[in-house]
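Notes follow the structure.
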Amino acid sequence: MNDTPIHYSGPERVFSGVQPSGALHLGNYLGALKKFAVMQHDHECLYCVVDLHAITVPQDPKLLKQQTREIAAAYLAAGVDPKKAIVYNQSRVRGHTELAWYFNCVARIGWLSRMTQFKDKAGKNSEAMSVGLYDYPVLQAADILLFKATHVPVGEDQKQHLELSRDIAAKFNNDFKVPGFFPLPEPMIKGPGARIMSLRDGKAKMSKSDPSDNSRINLTDTPEQMAKKIKKAKSDAGVIPETEKEMDDRPEVQNLVGIYAALADISDQAVLDEFAGQGFGAFKPALADLVVDKLQPVSDLMRRYLSDPEELDRILAAGADRANALAEPILGDIRKVIGFSGA
Ligand code: TRP
């Protein structure tokens, strides 16, 4: 392997995944789906529905299948073209589980024990959680590196998992003396819509686990529900300021302005330029109209895709074939590097 470059020199490739666990909201749309659709035009992209990650906590089998289709439908409705990007569900591609095992033998227990998401999810109950939940970030590293993906669009909350992926890639390259074999994947976190917050609390992320449904706009909400939630959203008695700096201690204002900007594809400053001096009585109806305008076509399309589950399954199967074709030669190399007889 004398001619192996020290640094990874393969092509740029984007990988991201969304768990099939419940309803998608505006935060998922702006933070992930919309960006996925944009990126497919100038990158080679794989967008996965991570059903293997979903079973780290108990799932109803019928619901799991339905929710897997829902995420696939949401990808497509947001504009992801399955002929361009590779769209599939994780369990159809066996390489994910195989590589996760190899990485289990590379990752250190100490690394995993520092993962804050596990601690948050497990709470005081960590002894009763599945081993899979603890191991979740290793499977995530396998997802990415199975394709030697170099770029991973994710939310801020996934930063630590991405660091773990980099550590695993670096340790594999180092332990097996194959410098540059795996790339060290980079998170892509920034950009408009990266931090969509709860409509009830500008300091908390918009989340499907928030007990208040008014805290989020679901992709499946009716136009009336969407408009009502925006009008009820927490704001303050002030007016829209002229500069971004003046929003520093007004998280709810920042959030509503940010949502407007991300949906309209303009900067926060452009929103301020348009609305400065106006109160929320004027801004909220404009925002509500924009939300309905941008999200209703997505939810309509999503429903249309969901009305033909066989077609969705065909799309997922075709995506899995393409994913397998990319993964198999990489897995073959990995088996050789590890030293398996038969590889
Ligand atoms: N853990 C990610 C999340 O909860 C989902 C995920 C699984 C993922 N595998 C991935 C994201 C690989 C990016 C790359 O959002």
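Quick note: the coordinates plus some simple rules give every number you see, no bench work behind them. This structure is a prediction, so every number in the text was calculated from the model and none was measured. Note that we place each Cβ from the backbone using ideal geometry, even for glycine, and neighbour counts take in every protein chain shown.
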*Using the number of other C-beta atoms within 10 angstrom as an exposure proxy, rank LYS336, LYS65 with the fewest first.*
LYS336, LYS65
*asked:* What are the equivalent ellipsoid semi-axes of the chain, built from the alpha-carbon gyration tensor (square roots of five times its eigenvalues), in whole angstrom, biggest first?
replied: 38, 22, 20
*Among CYS105, CYS45, rank each residue by its count of other Cβ atoms within 10 Å, from fewest to most, as a rough exposure measure.*
CYS105, CYS45
_Contact order normalised by length for region 221-278, with contacts defined as Cα pairs under 8 Å and 6 or more residues apart; what percent is it?_
39 percent
*According to a simple spin-label model (label point 7 Å from Cα along Cα-to-Cβ), what is the distance in nm between ALA204 and THR243?*
3.3 nm
*For GLU163, GLU244, what's the fewest-to-most ordering of other Cβ within 10 Å of each Cβ?*
GLU244, GLU163
*asked:* Give me the percent relative contact order of the chain, please, defined on Cα pairs under 8 angstrom at least 6 residues apart.
replied: 23 percent
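Which FRET efficiency value, to the nearest 0.05, is calculated for LYS121 and ALA170 with the Förster distance at 25 angstrom and r the Cβ-Cβ distance? Show your work: numbers first, answer last.
Working: r = 26 Å, r/R0 = 1.05.
Here the calculated transfer efficiency is 0.45.
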_Once you place label points 7 Å from the Cα toward the Cβ at VAL178 and ARG94, how far apart are they in nm?_
1.9 nm
*the chain: most fluctuating residue of ASP210, ASP81, ASP120 per GNM, C-alpha cutoff 10 Å*: ASP120
*asked:* Over all directions, the average projected area of the alpha-carbon convex hull for region 56-190 comes to how many nm²?
replied: 9.5 nm²
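Give me the Kirkwood hydrodynamic radius of region 225-343 in Å, from all C-alpha pairs, to one decimal place?
18.3 Å is the Kirkwood radius here.
With 15 Å as the cut-off, how large is the P(r) tail for region 41-81, expressed as percent of Cα-Cα pairs?
Details: 389 of 820 pairs.
Roughly 47 percent, once rounded to a whole number.
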*Under the rule of -39500 (n - 2.57) per DSSP H run of 4 or more residues, summed and divided by the residues of the chain, what mean residue ellipticity at 222 nm is obtained, to the nearest 500 deg cm²/dmol?*
-15500 deg cm²/dmol
*Quote the relative contact order of region 88-188 in percent (integer), defining contacts as alpha-carbon pairs under 8 Å separated by 6+ residues.*
30 percent
